[in-house]
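*Asks:* Take a look at the following structure, please.
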Amino acid sequence: MMRSLHEAATPALVVDHLTKVFGDRVAFEGVSFEVGSGEVFGFLGPNGAGKTTTVRTLGTLIAPTSGSAIVAGIPLNAKNGSAIRSRISVMPESPGLYLRLTVMENLQCFAGLYELDDIRERIGRALRAVNLEDRAGDLCGSLSKGLRQRVALARAVLNDPAVLFLDEPTSGLDPVATNEVHDLIASLRARGVTIFLTTHRLDEAERLCDRVAILNTTLREVGRPDELRQRLFRRSLDVRLHVPLHDPEALFGAVPQVEGWEQTPSGYTLTVSDPDLAAPALARALVGAGADILSIAESHHSLEDVYLELIDEDVEARST
Amino acid sequence: MSFSWTRAGAIFRKELRDYRRNRFVIGTMAATPVLFITLPMIQLIAANVSGNTAHLNLRIGLSLLYMLVIPVTMPSVVSAYSVVGEREQGTLEPVLTTPIRREEFLIAKALAAFIPTVVIAYAVFGVFLAAAALFAHPVIVSAIYAGTHVLVQLLFTPLLAGWAIWVGIAVSARSTDVRAAQQLSMLASLPPLVVVALIALNVITVSTTVALGLAAALLAFDLLAWRVVAAMFDRERLLTGH
């Protein structure tokens, strides 16, 4: 799918202080972010964080309580609902297929709902994208969960959406089916489709997303996974030795780049200002002290660490 | 965006395909006509034409009333399923995320229940008239054609079906359980049938003008019901329950 230069420069989604309240329950509050065209944007958060409600709001199924948004270049309001829905596609957590209809009949129904012209060609293209050309005549009720998810993905790309919302696309799938869905998302990404991926699977977000947002009713962080790691965690080195040091405080304190240290089951973790400068100096100090070095490596914080750090902060804030 | 028959047509075709493969719907659509053609024919064939006229008219009225139960009962089953059934299957949300407008969705659902119902109800009435002509006493046949019986059948069949459908969809849009929706919509669609029953049983003797007036009133109720159902159909409440 080719997009024009103008389209590439325009954000696919602009969300500004969006809030949704149901009665006295806040679903999400003051959420602001932008998603660029062609970007895969991960939307992470624990159960009940407001992820699905956000997708439904941006998909014009739910009216926001306050705030504003521009979806696929169209301001989000009641009057523009149908126009926005014609430019986007939403794949809910459950595939929601008509089980007594065939794969082809399901797709024909949705092609009609999008008022597509070249229905046969579009359906063929969508089925090829999910490797289901040979299952077009099968009843959806006879398909496995993984295959149904692929049909739902074919349905979601039928109208060549400007923004594709995927809500927990691998929920309940086995590892093989999950991998297939990941490959499909990666291929959509390669085609330049803007994807808004809601998930609580951090490995999925890390693997597929350009940027992620972490939501826990309010938006906690937005950025690239490596940016979030840097923002939340100080840089550090993991040191493994054959035998523990006799006086680690004296040794580590003598290395200028080391700002702090702690003993771990496998060795020591040192907080450093710059790992590239600290590692050689530390190696020299350890060798000078007669230590047998097994390894010195920069600590790697996963997106999971980032996520847990933020969610833990929320839990602590609520309990105080 | 204006009303799109392409989008409404997509839902309409989907509904008909779904019905064709749904044993419960097929069973209802097949059993109802058989039941409602057998019982009135027994009434007519067993009627004593030498008895008093009032008794004979009552039998004819009862037989014709059976015909009018078809457009009330048959669509209420499928229309009561129309929204809550989709919600239970998880198919409502994907449909509502497309550009379809609520008016298009509701008209498509209503037509998919209305057209088969009216076709079957008229066909059953046609078979009833033919069977009466072949097997019933000529006195009975002429009594069927006398007065407003045939006019009432022709006019009220689609209007009663329309009422039953809108009531069914309204109940469906507010329900969380398919069976409860079907039972409630069946009950709620009965009141107009009472008026028609009084006409069919000659409790109310109506002229052609009065029959047309009552039909116009029922048509007005049908149109009002459509507006009310369209206003009740709220995407947010359907998906979130709020």
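The values are calculated or read from the model by the stated rules, or taken from the named source; none is laboratory data. All values reported here derive from a predicted model rather than from experimental measurement. All Cβ positions, even for glycine, are placed from backbone atoms using ideal geometry, and neighbour counts span all protein chains on display.
*Asks:* Quick one: A:Ala111 ticks every box in (1) within 11 Å of chain B (Cβ to nearest Cβ); (2) among the small types (Gly, Ala, Ser); (3) under 26 Å from B:Phe24 (Cβ atoms) bar one, so which box is it?
*Replies:* Exception for A:Ala111: condition (3).
*Asks:* List the residue pairs whose Cβ atoms are under 6 Å apart, where the first residue sits in the stretch B:210-233 and is closer than 21 Å to B:Ile199 by Cβ, the second is assigned to a loop (DSSP other than H, G, I, E, B), and the two are 6 or more positions apart or on different chains.
*Replies:* B:Ala211/B:Thr148
*Asks:* Okay, moving on. Name the single residue that is modelled with the highest pLDDT among those in the stretch A:290-315 being surrounded by 15 or more Cβ atoms within 10 Å (Cβ to Cβ) and in contact with a helix residue (DSSP H, G or I) (Cβ under 6 Å, 6 or more places away or on another chain).
*Replies:* From the stretch A:290-315, those surrounded by 15 or more Cβ atoms within 10 Å (Cβ to Cβ) are A:291, A:296, A:299, A:301, A:303, A:305-307, A:309-311, A:314; that's our starting set.
Then keep just the ones that are in contact with a helix residue (DSSP H, G or I) (Cβ under 6 Å, 6 or more places away or on another chain); that gives A:296, A:301, A:303, A:306-307, A:309.
Values: A:Ile296: 94, A:His301: 74, A:Leu303: 74, A:Val306: 75, A:Tyr307: 75, A:Glu309: 74.
Looking at the filtered set, the residue picked out is A:Ile296.
*Asks:* Cβ-Cβ under 6 Å, sequence separation 6+ or interchain: first residue in the stretch B:35-49 and free of Cβ contacts under 8 Å to residues at least 40 places away in the same chain, partner not in a loop (DSSP other than H, G, I, E, B). Which pairs?
*Replies:* Close Cβ pairs satisfying both conditions: B:Leu39/B:Tyr66; B:Gln43/B:Arg59; B:Gln43/B:Leu62; B:Gln43/B:Ser63.
*Asks:* If the requirement is being closer than 21 Å to A:Phe33 by Cα and crowded, with 22+ Cβ neighbours inside 10 Å, which of these qualifies: A:Val130, A:Val90? Show your work before the answer.
*Replies:* Numbers: A:Val130 fails: closer than 21 Å to A:Phe33 by Cα.
Being closer than 21 Å to A:Phe33 by Cα and crowded, with 22+ Cβ neighbours inside 10 Å holds for just one of A:Val130, A:Val90, which is A:Val90.
*Asks:* While we're on this one: Go over the candidates A:Leu139, A:Leu132 one by one and state the one that is away from chain B (no Cβ under 14 Å) and not acidic (Asp, Glu). Please lay out each step first, then the result.
*Replies:* Details: A:Leu139 fails: away from chain B (no Cβ under 14 Å).
So the residue among A:Leu139, A:Leu132 that is away from chain B (no Cβ under 14 Å) and not acidic (Asp, Glu) is A:Leu132.
*Asks:* A follow-up question, please. Looking at A:Thr271, A:Thr264, which is the one that is within 23 Å of A:Pro225 (Cβ to Cβ) and not assigned by TED's automatic domain parsing to the domain that holds A:Gly223?
*Replies:* Values: A:Thr264 fails: within 23 Å of A:Pro225 (Cβ to Cβ).
Only one candidate passes the filter, namely A:Thr271.
*Asks:* Suppose we keep only residues that are more than 14 Å from every other protein chain (Cβ to nearest Cβ) and without any contact (Cβ under 8 Å) to a residue 60 or more places away in the chain within the stretch A:13-27. Which one would you say is nearest to A:Arg87 (Cα to Cα)?
*Replies:* We begin by selecting, within the stretch A:13-27, every residue more than 14 Å from every other protein chain (Cβ to nearest Cβ); these are A:13-19.
Imposing the further condition that a residue be without any contact (Cβ under 8 Å) to a residue 60 or more places away in the chain reduces the set to A:14-19.
Working: A:Val14: 15, A:Val15: 17, A:Asp16: 20, A:His17: 23, A:Leu18: 21, A:Thr19: 23 Å.
Here the residue is A:Val14.
*Asks:* Of all residues in the stretch A:184-198, which are basic (Lys, Arg) and either in contact with a Leu (Cβ under 9 Å, 6 or more places away or on another chain) or crowded, with 23+ Cβ neighbours inside 10 Å (or both)? If you could, list the steps in order and put the result at the bottom.
*Replies:* Of the residues in the stretch A:184-198, the ones basic (Lys, Arg) are A:189, A:191.
Result: A:Arg189, single match.
*Asks:* Do any helices (runs of 4 or more DSSP H) entirely within the stretch B:1-93 hold 3 or more residues that are more than 14 Å from chain A (Cβ to nearest Cβ), and if so, which?
*Replies:* On the way: elements: B:5-20, B:23-45, B:53-81, B:84-89.
Here the list reads B:23-45, B:53-81.
*Asks:* Still on this model: Considering the stretch A:54-72 alone, what residues qualify as being over 23 Å from A:Glu313 (Cα atoms) and either more than 14 Å from chain B (Cβ to nearest Cβ) or not in a loop (DSSP other than H, G, I, E, B) (or both)?
*Replies:* If we filter the stretch A:54-72 for residues that are over 23 Å from A:Glu313 (Cα atoms), which is where we start, we get A:55-72.
Across the stretch A:54-72, the qualifying residues are A:Val55, A:Arg56, A:Thr57, A:Leu58, A:Ser66, A:Gly67, A:Ser68, A:Ala69, A:Ile70, A:Val71.
*Asks:* Oh, and also: Name the pairs: first residue in the stretch A:73-95 and more than 7 Å from chain B (Cβ to nearest Cβ) and more than 30 Å from A:Ser144 (Cα to Cα), second residue buried (at least 18 other Cβ atoms within 10 Å of the Cβ) and of a type in the set (Ser, Thr, Tyr), Cβ to Cβ under 8 Å, at least 6 apart or on different chains?
*Replies:* Sorted first by the residue in the stretch A:73-95, then by its partner, the pairs are A:Leu76/A:Thr57; A:Leu76/A:Thr60; A:Asn80/A:Thr60; A:Gly81/A:Thr60; A:Ile84/A:Thr60.
*Asks:* Would you confirm whether any residue within the stretch A:153-176 is at pLDDT below 95, part of a helix (DSSP H, G or I), surrounded by 18 or more Cβ atoms within 10 Å (Cβ to Cβ) and more than 14 Å from chain B (Cβ to nearest Cβ)?
*Replies:* Among the residues of the stretch A:153-176, not one is at pLDDT below 95, part of a helix (DSSP H, G or I), surrounded by 18 or more Cβ atoms within 10 Å (Cβ to Cβ) and more than 14 Å from chain B (Cβ to nearest Cβ), which makes the answer no.
*Asks:* Restricting the search to the stretch A:96-108, which residues are outside any loop (DSSP other than H, G, I, E, B) and either within 7 Å of chain B (Cβ to nearest Cβ) or of a type in the set (A, V, I, L, M, F, W, C) (or both)? Lay out the reasoning, then the answer.
*Replies:* The first filter runs over the stretch A:96-108 and keeps only residues outside any loop (DSSP other than H, G, I, E, B), leaving A:102-108.
Selection gives A:Val103, A:Met104, A:Glu105, A:Leu107.
*Asks:* So, in the stretch A:205-259, exactly how many residues are without any contact (Cβ under 8 Å) to a residue 40 or more places away in the chain, crowded, with 20+ Cβ neighbours inside 10 Å and within 19 Å of A:Phe43 (Cα to Cα)?
*Replies:* Residues meeting the conditions: 0.
*Asks:* Tell me which residues, restricted to the stretch B:94-129, are touching a residue at least 40 places away in the same chain (Cβ under 8 Å), more than 14 Å from every other protein chain (Cβ to nearest Cβ) and of a type in the set (Ser, Thr, Tyr).
*Replies:* Residue satisfying the conditions is B:Thr117 alone.
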